[in-house]
Structures are given as C-alpha cells and as structure tokens.
Amino acid sequence: MQNPQFNLNNEQNKVKEKMEKIKFKVAVLSGKGGVGKTTVAVNLATALAESGYKVGLLDLDMHGPNIVRMLGQKNPTVDEDEIVPAEILPNLKALSIGMLVEEGKAVIWRGPLKHSAIKQFLGDTKWGELDFLIFDLPPGTGDEALSLFQTLGKMDGVVMVTTPQKVAIDDVKRAIDFVHAMNQKLIGIVENMSFVRCPKCGEKIEIFGSGGGEILAKEYNVELLGQVPLDPRAAKFADEGKPITLYLRQSEIEEEFRKIAEKVAQLVEK
Ligand SMILES: Nc1ncnc2c1ncn2[C@@H]1O[C@H](COP(=O)(O)OP(=O)(O)O)[C@@H](O)[C@H]1O
Ligand SMILES: [Mg+2]
C-alpha cells in the first residue's frame with residue numbers, strides 16, 4: 001500500500017517546483033459575481049503580455065469557467081502526462097476547466113475534488129518560466145480561493161474587483177477580510193462599470209452610482225488601480241473571444257486596462 005503522506009508531499013513538491021519558475025502570482029477576486037473579475041483577469045493578462053512579460057492565466061472558476069469564451073476556444077494538450085496550457089499569444093498561455101469539459105456541461109464537484117483539480121493545474125501543468133501567473137477566481141470566499149491560498153502560501157498580490165455601488169461594498173469588505181485572514185496582500189481595487197460615456201455628448205453617465213471604489217481604497221489604504229468604463233462593445237467582444245486590450249485599440253477602456261496592468265506590475269515588486 002502506498003504511504004498517503006508520501007503522496008501528499010510528492011504533490012506539494014511538484015507544485016513548489018512548478019511555482020518556483022513563476023516570478024509573480026496575482027489573484028483576481030471580488031465579493032460578488034458579475035462585477036468583471038474575468039474581464040479584469042483576461043485584460044490584465046493580455047496587457048501584461050503585450051508589454052513583453054511572459055504570462056499565464058489560470059481560470060479557477062470551476063462552475064463558471066468564462067475565460068474560454070472570452071479568449072475563444074483554444075485547447076490545451078498533454079505532454080509526458082502533464083497538461084500544456086493553450087497558447088493564446090506567443091507569450092500568453094491559459095488554462096481553464098472549461099477547455100477540458102464539453103461546452104454547456106456542468107462541473108459537479110465538491111470541495112475536495114476542486115482542491116485536487118487546483119493542485120493539478122498548479123503542479124501537473126507545464127507553465128514553464130513566467131513573469132506572471134494570473135488567477136481568475138469565483139466570487140467571494142469559497143473553496144477555490146481557499147485552496148489556492150493554502151496551496152501557494154503568500155502570493156504577490158490580490159486584486160479586488162467591484163462595481164461603484166455602495167451596496168456592493170458590504171460584500172467586498174467580507175472578501176477583503178478573507179484576504180487578510182488568509183495572510184494575503186491586497187494590492188488594489190479595480191472599479192469596473194464605473195460609468196458609460198455618452199456617445200453623443202461625451203459626458204460620463206454613472207449608471208451604477210459612484211464612489212464605491214474610492215471609499216474602499218481609502219478605508220483599506222490601498223490603491224484604486226483604475227475605473228473601467230462600461231462599454232457595450234466590450235461585452236460584445238468578450239462574447240466573441242476578443243480581449244478588449246487586443247481588439248478595442250485606442251479606446252478609453254483599453255487605456256484604463258493598460259494603466260491597471262502597469263500599476264499591478266509595479267505593486268507586485270513592493
Ligand atoms: N467594463 C465593461 N463593459 C462592458 N461589459 C463588461 C464590462 N466588464 C464586464 N462586462 C461584461 O459583464 C459580464 C460579467 O463580467 P465578468 O468579467 O464575467 O464578471 P465576473 O467574472 O465577475 O462574474 C460579462 O458579460 C462581461 O463581458
Ligand atoms: Mg468570472
């Protein structure tokens with residue numbers, strides 16, 4: 001019979017060995033669903049890759065693996081019993097459970113199964129040498145974030161995504177409390193869907209209210225990394241697998257994502 005302790009150590013060693021080749025690990029989290037975590041994770045990854053960094057993007061939202069649609073269906077391969085993430089750009093790789101299961105099929109897993117899948121995505125995957133590995137998480141303080149933080153220990157940064165409504169803040173506070181309880185470093189807040197630019201007069205229309213991101217950043221003494229406009233073209237492009245930073249060139253939303261990526265690249269060094 002195999003010694004389970006030995007297996008556990010072996011798995012942990014594989015994770016350690018793989019993760020040692022990655023300079024910065026950054027998680028994207030939120031208090032609520034639908035606020036734009038995946039949008040931020042995808043565009044952070046593409047913007048960093050376009051700046052010349054080697055980037056990996058790992059989708060840890062097992063029940064809503066939206067990265068696949070947002071990047072277009074790309075397939076990982078297998079080499080020497082290990083997963084090779086899908087190549088999105090020459091210096092951007094991505095992996096999602098959504099690339100491995102049939103479209104429209106539910107992943108029906110409890111915590112322990114998700115935990116072992118996460119370990120495989122970290123330890124049995126050929127990420128190679130990377131500057132950044134970005135983790136897209138499901139909302140809140142559930143199994144996936146817990147597994148990630150427990151498996152990796154201290155990461156280089158957590159980015160919190162929120163919308164500007166004050167009502168979203170209660171949930172974000174809980175998520176920030178969780179980040180701190182897990183001894184992780186919150187590096188900043190992204191306020192998404194901050195405003196819509198009127199196509200006729202150019203005025204900012206704050207459809208979800210205003211001020212939420214700023215209040216949070218002040219209260220927790222972290223940077224407001226950016227205020228991303230709601231742009232209907234962005235939603236359409238996301239559905240078509242076209243990341244904003246690559247396809248909506250010279251737009252306000254693209255500029256904001258580039259600024260956010262630059263700040264993240266600076267803040268992880270601190
Ligand atoms: N700034 C934005 N402008 C337009 N649409 C957006 C923006 N941010 C997100 N969306 C859209 O809103 C939906 C939810 O965003 P998503 O990134 O999937 O959120 P989450 O990962 O937090 O659930 C998606 O359809 C996405 O394309
Ligand atoms: Mg998501």
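For region 91-135: of the residues being assigned to a loop (DSSP other than H, G, I, E, B) and at pLDDT 95 or above, which is least open to solvent (accessible area, probe 1.4 Å)?
Trp127
For Ala175, work out the one condition from (1) in contact with an Asp or Glu (Cβ under 6 Å, 6 or more places away or on another chain); (2) within 15 Å of ligand 2 (Cβ to nearest atom); (3) open to solvent by less than 10 Å² (accessible area, probe 1.4 Å) it doesn't fulfil.
Every condition holds for Ala175 apart from (1).
Out of all the residues in region 184-219, which are part of a strand (DSSP E or B), more than 16 Å from ligand 2 (Cβ to nearest atom) and buried (at least 17 other Cβ atoms within 10 Å of the Cβ)?
Taking region 184-219 and keeping what is part of a strand (DSSP E or B), we get 186-192, 196-197, 204-205.
If we keep only those that are more than 16 Å from ligand 2 (Cβ to nearest atom) too, we end up with 186-189, 191, 196-197, 204-205.
Those that are part of a strand (DSSP E or B), more than 16 Å from ligand 2 (Cβ to nearest atom) and buried (at least 17 other Cβ atoms within 10 Å of the Cβ): Leu186, Ile187, Gly188, Ile189, Glu191.
Among the residues of region 89-134, count how many are of a type in the set (Val, Ile, Thr), in contact (Cβ under 8 Å) with a residue 40 or more places away in the chain and closer than 20 Å to Ala41 by Cα.
3
Taking Val84, is it farther than 25 Å from Gln184 by Cα, touching a Pro at 6+ places or on another chain (Cβ under 8 Å), surrounded by 17 or more Cβ atoms within 10 Å (Cβ to Cβ) and β-branched (Val, Ile, Thr)?
For Val84, the condition - farther than 25 Å from Gln184 by Cα, touching a Pro at 6+ places or on another chain (Cβ under 8 Å), surrounded by 17 or more Cβ atoms within 10 Å (Cβ to Cβ) and β-branched (Val, Ile, Thr) - is met.
State which residue pairs qualify: first residue assigned to a strand (DSSP E or B) and inside region 47-64, second residue basic (Lys, Arg) in any location, beta carbons under 8 Å apart, and separation of 6 or more residues or different chains.
Here the result reads Val55/Lys93; Gly56/Lys93; Leu57/Lys93, each pair linking region 47-64 to a residue that is basic (Lys, Arg).
Which pairs do you get when a residue that is over 14 Å from Val26 (Cβ atoms), found in region 140-153, comes within reach of a residue that is surrounded by fewer than 20 Cβ atoms within 10 Å (Cβ to Cβ) and among the aromatic types (Phe, Trp, Tyr), reach meaning Cβ atoms under 6 angstrom, with the pair 6+ apart or on two chains?
Filtered contacts from region 140-153: Thr141/Phe178.
Does region 218-270 hold any residues that are of a type in the set (Ser, Thr, Tyr) and in contact with a strand residue (DSSP E or B) (Cβ under 8 Å, 6 or more places away or on another chain), and which are they?
Tyr220
Residues in region 16-69 that are touching a Pro at 6+ places or on another chain (Cβ under 6 Å), open to solvent by less than 60 Å² (accessible area, probe 1.4 Å) and closer than 22 Å to Gly142 by Cβ: how many?
5
Quick check on my filter: what residues within region 21-46 are of a type in the set (Gly, Ala, Ser), away from ligand 1 (no atom under 11 Å from the Cβ) and not in a strand (DSSP E or B)? Write out each step before concluding.
So in region 21-46, the residues of a type in the set (Gly, Ala, Ser) come out as 27, 30-31, 33-34, 36, 41, 45.
Imposing the further condition that a residue be away from ligand 1 (no atom under 11 Å from the Cβ) reduces the set to 27, 45.
Residue satisfying the conditions is Ala45 alone.
Restricting to region 85-128, count the residues that are under 20 Å from Val55 (Cβ atoms) and either in contact with a Gly (Cβ under 7 Å, 6 or more places away or on another chain) or not charged (D, E, K, R) (or both).
21
When residues of region 221-246 are filtered for being buried (at least 17 other Cβ atoms within 10 Å of the Cβ), at pLDDT below 95 and outside any loop (DSSP other than H, G, I, E, B), how many remain?
Count: 6.
In region 56-77, what count of residues is obtained for those that are more than 10 Å from ligand 1 (Cβ to nearest atom) and more than 12 Å from the chain's Cα centre (by Cα)?
So the count comes out to 10.
So the check is Cβ under 9 Å with 6+ separation or different chains; which pairs have a first residue in region 243-270 that's farther than 21 Å from Ala94 by Cα and a second one that's among the hydroxyl-bearing types (Ser, Thr, Tyr)?
Ile253/Thr245; Glu256/Ser194
When the residues of region 139-151 are narrowed to those that are modelled with pLDDT of 90 or more and open to solvent by less than 20 Å² (accessible area, probe 1.4 Å), which ends up farthest from Thr39 (Cα to Cα)?
Once the filter is applied, the top-ranked residue is Thr151.
The values are calculated or read from the model by the stated rules, or taken from the named source; none is laboratory data. Just so it is clear, the structure is predicted and the values come from calculations on it, not from any experiment. So basically every Cβ, Gly included, is an ideal-geometry build from the backbone, and we count neighbours across all protein chains shown. In case anyone asks, the SASA skips ligands and DNA or RNA and just uses the protein heavy atoms, side chains included. Shrake-Rupley method; radii C 1.70, N 1.55, O 1.52, S 1.80 Å.
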